[in-house]
Amino acid sequence: MGGLLWFIMSEETQLLVSAETYEEYAVNIGTQQKSADMSRFVDRVREDGLYLLDIPTTDARIKSIAALLNTYDAPSIMVVSARQYGQRPARKFAEAIGAHSAVGRFIPGSLTNPALRSYIEPDILFVTDPANDQQALREAVATGLPIIGIVDANNHLRNVDIALPANNKGRRSLALIYWLLAREVLKVRGETTDEAWAAMEENDVSDWESTF
């Protein structure tokens, strides 16, 4: 997947939202276990043993991934989330940018068996958690799809081509991540601005939080 490496851009000093907002939504709160793959994304270890993810890196990846997704036709992007807290924001993200979503249980064969009603042929897969979305991940690997994944401190990066380091277990964290991704994708297209996005009542980030 070497052709995707161009997406890594220089970090900009201006964050998409303040560091305090990222912290308020617990986007940087990792786990008490850290995989070797995720070491480079860790900022520090808290006194209680939680690994904290690096906020500027997360922010920069959101910008880069938004730009990358805009190189694909929106209907060819597939967003999946088996995790309950990711289902509502993943679906709203897909709706906002015109992508396809599969939330809840991923039907085996959806990417590999043309006989299924759920069969789809996307060009890129976006997973909320590589561990929880293993079925979709395996099928994407089998069909040669590039894979973007939201990855927490304990995730492994095998088969994840582009990592978005963030808390992928929290209700508020996933809402903010997908809310920002949607905004940034549409900004790259020239379809919205920060001000216009914030002014839309249905785009209050709290409305993106899972109701489970």
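The values are calculated or read from the model by the stated rules, or taken from the named source; none is laboratory data. What you are looking at is a predicted structure, and each value in this text was computed from that prediction instead of being measured. All Cβ positions, glycine included, derive from the backbone under ideal geometry; neighbour counts span all protein chains shown. Only protein heavy atoms, including side chains, enter the accessible area calculation; ligands, DNA and RNA are left aside. Shrake-Rupley method; radii C 1.70, N 1.55, O 1.52, S 1.80 Å.
Annotations
- Pairs with Cβ under 7 Å, 6+ apart, first in segment 26-38 and under 11 Å from HIS156 (Cα atoms), second open to solvent by 40 Å² or more (accessible area, probe 1.4 Å) and assigned to a loop (DSSP other than H, G, I, E, B): LYS34/ASN154; SER35/ASN154; SER35/HIS156; ASP37/HIS156
- Subset of segment 75-106 [open to solvent by less than 20 Å² (accessible area, probe 1.4 Å) and more than 14 Å from the chain's Cα centre (by Cα)]: SER76, GLY104
- Subset of segment 93-129 [touching a strand residue (DSSP E or B) at 6+ places or on another chain (Cβ under 9 Å) and outside any loop (DSSP other than H, G, I, E, B)]: PHE93, ALA94, GLU95, ILE97, HIS100, SER101, ALA102, VAL103, ILE124, LEU125, PHE126, VAL127
- Exactly one residue among ALA153, ALA140, ALA198 is open to solvent by 20 Å² or more (accessible area, probe 1.4 Å) and either over 22 Å from ASP43 (Cα atoms) or hydrophobic (A, V, I, L, M, F, W, C) (or both), and that residue is ALA198.
- Residues in segment 107-137 that are open to solvent by less than 20 Å² (accessible area, probe 1.4 Å), closer than 21 Å to ASP73 by Cβ and not β-branched (Val, Ile, Thr): SER110, LEU111, PRO122, LEU125, PHE126, ALA136.
- Sole residue being open to solvent by less than 20 Å² (accessible area, probe 1.4 Å), touching a Gly at 6+ places or on another chain (Cβ under 8 Å) and either under 28 Å from LEU52 (Cβ atoms) or not in a loop (DSSP other than H, G, I, E, B) (or both), chosen from LEU186, LEU180, LEU174: LEU174
- Taken over segment 132-187, residues that are free of Cβ contacts under 8 Å to residues at least 60 places away in the same chain and polar (S, T, N, Q) amount to 5.
- Members of segment 201-212 found to be open to solvent by less than 40 Å² (accessible area, probe 1.4 Å) and more than 16 Å from VAL17 (Cβ to Cβ), listed by number: SER210
Results for (1) of a type in the set (A, V, I, L, M, F, W, C); (2) touching a Pro at 6+ places or on another chain (Cβ under 8 Å); (3) more than 24 Å from ILE124 (Cα to Cα), shown as yes or no for each residue.
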| residue | (1), (2), (3) |
| --- | --- |
| VAL17 | yes, no, yes |
| TYR25 | no, no, yes |
| SER35 | no, no, yes |
| MET38 | yes, yes, no |
| VAL45 | yes, no, yes |
| TYR51 | no, no, yes |
| SER64 | no, no, no |
| PRO75 | no, no, no |
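- Residues of segment 75-89 include at least one that is basic (Lys, Arg) and either in contact with a helix residue (DSSP H, G or I) (Cβ under 7 Å, 6 or more places away or on another chain) or more than 30 Å from SER39 (Cα to Cα) (or both).
Every residue, every condition in (1) closer than 15 Å to ALA94 by Cα; (2) at pLDDT 95 or above, yes or no:
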| position | (1), (2) |
| --- | --- |
| THR128 | yes, yes |
| ALA140 | no, yes |
| ARG158 | no, no |
| LEU180 | yes, yes |
